[in-house]
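These notes are about the structure you will find just below.
The values are calculated or read from the model by the stated rules, or taken from the named source; none is laboratory data. Please read these numbers as outputs of a predicted model, since none were measured by experiment. Heads up, the Cβs are rebuilt from the backbone with ideal geometry, glycines too, and the neighbour counts pull from every protein chain shown.
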Amino acid sequence: MSNELPQAPAPVEAPLPVGTRVSLDPEARFLDRSFLTGGSPWRLLRLPGGSRAVAERWRGGDRVRPGEERFARTLVQQGLVHPVTHPRIDTNDVDVVIPVHDDVVALRILLADLAGLHVTVVDDGSPEPALVEALARESGATLVRLDENLGPAGARNAGAAATSRPLIWFLDADISLDNAHDVLHRLAGQLSDPLVSASAPRIRGGVGRSARDRFERNFSPLDMGPRGGLVVPGGTVAYVPSACLLVRRHAFGEGFDETLRTGEDVDLLWRLHDRGWLVRYDAEVVVTHPARTSWRHWWRQRAGYGRSAGELARRHGARLAPLRADRWTLLAWTGVLVGRPAIGARIVRVARDQLSTKVAEHADQPSEVANAIVARGMLRAGLPLARALVRTFGGVILLAALHPRLRRRALLLFGVGTLARWRSARVHPTDVVLAVADDLAYGLGVAHGAWRARSLDAVRPHLTPSSVTLRDVLAPRWRPRIGPDGER
């Protein structure tokens, strides 16, 4: 199975139609007279001529006017502008596919929620298939029986192959939907853009009183956060889970890679991205997914997610790197950690001066533009770097803390990287313990997966290019002025 996906239409062939209502991303920021920052991944964009006025008009939401269609498409592709959708869908255009392996209690609840939709249940080699068959018959769903357990990817592909409608809505059996029709219509609204191949909601942990339930509610591994937008490798939302995923059949092609037992959704979405398709994450649409029923299963889930990084790295390389940063940002924060903040200050000063020179022709206050971008970018990189290091290398950092000379700095890094989770949630003591266990399980899984895949990409940091060179950083701060006659 080649898992080849169809190529998306070229953006130039699909400008946003006149009359489409669009809205500037809330995180986008105008600088000076001609610059716009933001998007996913983050970028600095120069807006020539009257294009800034157009983008400013879209901040509060406005329609695309004649002559603005391609400009709107460009900003949409970069995550700086989002179409405002109005959900309109014929449910006869949707096939719901539910893979299940003996979880009949959750399946019964979900099938009741999906009444009125075209549902296909894929029994993925359940030990008691008669129970699944009875539920499917009772609800009027179509049943596809697999004699051998193929895993989520194989089961979803089998369900897709047994159906034919233009849209496929993949749902895990234990997903909870308050209003299935409303969720479907809102997700389908994102596919009104012909370049959008798939859309997904925010998935939060289910309601419960246990420590595990409370932790899952705030830190479910399926929760991609409160900010919606494009799903882009290396972006704010790098992937979305397939536990609740609406897909355009034409873009789905041959579907999930059945050799992957975990991480198959990440692989599919990144292949869609590589073929030019857009994927959207709608954080305003919320569904729930329960925590694992035992601590052993909870730990195995986290370790399994980490283990998938090895196989994914063989397919997608540096996208699976545990952290991404240019070498100078990494060096600057390393200087802070070891008590040498002057190193970071020097790097910031050099980068700021370089950027100021580059933007001078198009800015009234180039130094202010450079300050806003470089200083803000360097500061904002600190917490994500600490979080990424602890997420994958938490066990190594704790081992380093056993050494007396490294203890204070290792514990500081571990504490910052762990508590970075709580930027928008209250800290509960048991949550801290579970956060540490979560990171350790994931990190051990990554190490195991990298060893099994014989690939270091999942544990090797990816250093991105930088215009700053070693010579720039080591150059003296003051250089004598040389006049036209050669005099100093």
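If the condition is being in contact with a Pro (Cβ under 7 Å, 6 or more places away or on another chain) and without any contact (Cβ under 8 Å) to a residue 24 or more places away in the chain, then segment 357-371 contributes only ALA360. Meeting the requirement of 3 or more residues that are over 30 Å from VAL433 (Cβ atoms) and under 18 Å from the mean Cα position of the chain (by Cα), the strands (runs of 3 or more DSSP E) wholly within segment 161-277 are 196-205, 244-248. Within segment 39-53, at least one residue is in a loop (DSSP other than H, G, I, E, B), modelled with pLDDT under 95 and among the hydroxyl-bearing types (Ser, Thr, Tyr). Contact map, segment 327-349: first residue hydroxyl-bearing (Ser, Thr, Tyr), second residue assigned to a helix (DSSP H, G or I), Cβ cut-off under 7 Å, separation 6 or more or different chains; pairs are THR329/MET378; THR329/ALA381.
Of the residues VAL240, VAL247, which single one is buried (at least 17 other Cβ atoms within 10 Å of the Cβ) and in contact with a Pro (Cβ under 9 Å, 6 or more places away or on another chain)? The conditions single out VAL240.
Table: residues versus (1) surrounded by 15 or more Cβ atoms within 10 Å (Cβ to Cβ); (2) in the same structural domain as ARG46 (by TED's automatic domain parsing); (3) under 16 Å from LEU45 (Cα atoms).
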residue: ALA342; (1), (2), (3): no, no, no
residue: ARG352; (1), (2), (3): yes, no, no
residue: LEU355; (1), (2), (3): yes, no, yes
residue: ALA363; (1), (2), (3): yes, no, yes
residue: PRO366; (1), (2), (3): yes, no, yes
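Restricted to segment 407-421, and to residues there that are of a type outside the set (Gly, Ala, Ser) and free of Cβ contacts under 8 Å to residues at least 24 places away in the same chain, the residue that is surrounded by the most Cβ atoms within 10 Å (Cβ to Cβ) is LEU419.
Residues that are closer than 30 Å to ARG70 by Cα and not in a helix (DSSP H, G or I) within segment 80-113 comprise LEU80, VAL81, HIS82, PRO83, VAL84, THR85, HIS86, PRO87, ARG88, ILE89, ASP90, listed in sequence order.
Number of residues in segment 274-311 that are under 30 Å from GLY189 (Cβ atoms), in contact with a Leu (Cβ under 9 Å, 6 or more places away or on another chain) and not hydroxyl-bearing (Ser, Thr, Tyr): the value is 11.
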